[in-house]
1. What does the extension gain come out to for ALA86 and ALA54, with contour length at 0.36 nm per residue minus their alpha carbon separation?
2. Please list, in order along region 153-159, the HN-Hα scalar couplings obtained from phi with the Karplus expression 6.51 cos²θ - 1.76 cosθ + 1.60 (θ = phi - 60°), rounded to whole Hz, x for Gly and Pro.
3. Percent relative contact order of the chain, based on C-alpha pairs within less than 8 angstrom and at least six residues apart?
4. Return the FRET efficiency for the residue pair ARG2, ALA66: r is the Cβ-Cβ distance, R0 is 30 Å, and the value is rounded to the nearest 0.05.
5. Quick check on the chain: helices-only [θ] at 222 nm, where DSSP H runs of length 4 and up contribute -39,500 (n - 2.57) each and the sum goes over total residues. Nearest 500, please.
6. Between PHE73 and ASP15, what is the FRET efficiency for a Förster distance of 30 Å, r being their Cβ-Cβ separation, to the nearest 0.05?
7. Can you give the extra length, in nm with one decimal, that the chain gains between ARG157 and LYS108 once fully stretched, where that is 0.36 nm per residue apart less the Cα-Cα distance?
8. What Kirkwood Rh does the chain have if only Cα atoms enter the pairwise 1/r average? Answer in Å.
Amino acid sequence: MRLFIAICLSEEMKDALRRVQRQMESQRVTGNFTSAENLHLTLAFIGEYPDPDAVDLPPVEPFTLALDGFGSFGDLWWAGLAPCPALNRCVAALRRGLADSGIPFDRKRFSPHITLLRRGIGRPAVQVPPAGMTVDHISLMRSDRGKRGMVYTELRRSEPWSSPRKQDGV
Ligand code: 2AM
């Protein structure tokens, strides 16, 4: 089973990202655009792993994410996020938990991005509309190759956050 951990995006965020994709299309940029249902923010990529139940998803103290910026890694084009220390803390806690439980994951430095286009041809110049969302959980996702591209399925969510005293079992 191919697994990763992600933040699933709100409809408002997806609408804003679809608008960015439409700007790219109107500039005759081509490639594999991520479908609206597949837009997500990856926090940790596990890859092939047989036991999804072993993956611990730490509760997330709610925080706000906001779209900010646009760029590319080679021919992969992405929308970025405003700097967010709470997001970085969430990813650090998640990755620490994975490491402690011996679950392998891609240890490349976290570089928050939402992939909009893969194998892009052209040089888009776009405006990313303002959009934001509150994040109160993270999701364990399964990735399968479907007939029309990748299919991402949410397997499980982190438990809701409760106050630190409760988290410590006090
Ligand atoms: P990407 O958007 O930059 O391609 C499912 O494959 C998700 O995991 C994608 O969002 C992908 O990121 C991300 N991912 C991170 N590391 C990966 C890796 N080594 N191989 C495949 N996908 C990876």
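Quick note: the coordinates plus some simple rules give every number you see, no bench work behind them. As the structure is a computational prediction, the values presented were derived from the model and not from experiment. Here Cβ is always computed from backbone atoms with ideal geometry, including for glycine, and neighbour counts include all displayed protein chains.
1. Separation in residues times 0.36 nm, less the Cα-Cα distance, equals 9.0 nm.
2. These are the phi-based 3J(HN,Hα) values: 10, 6, 8, 6, 10, 5, 5 Hz.
3. 36 percent
4. 0.55
5. Mean residue ellipticity, 222 nm, calculated: -6500 deg cm²/dmol.
6. 0.80
7. Once the chain is fully extended between ARG157 and LYS108, it gains 15.3 nm.
8. After inverting the pairwise mean of 1/r, the radius is 16.9 Å.
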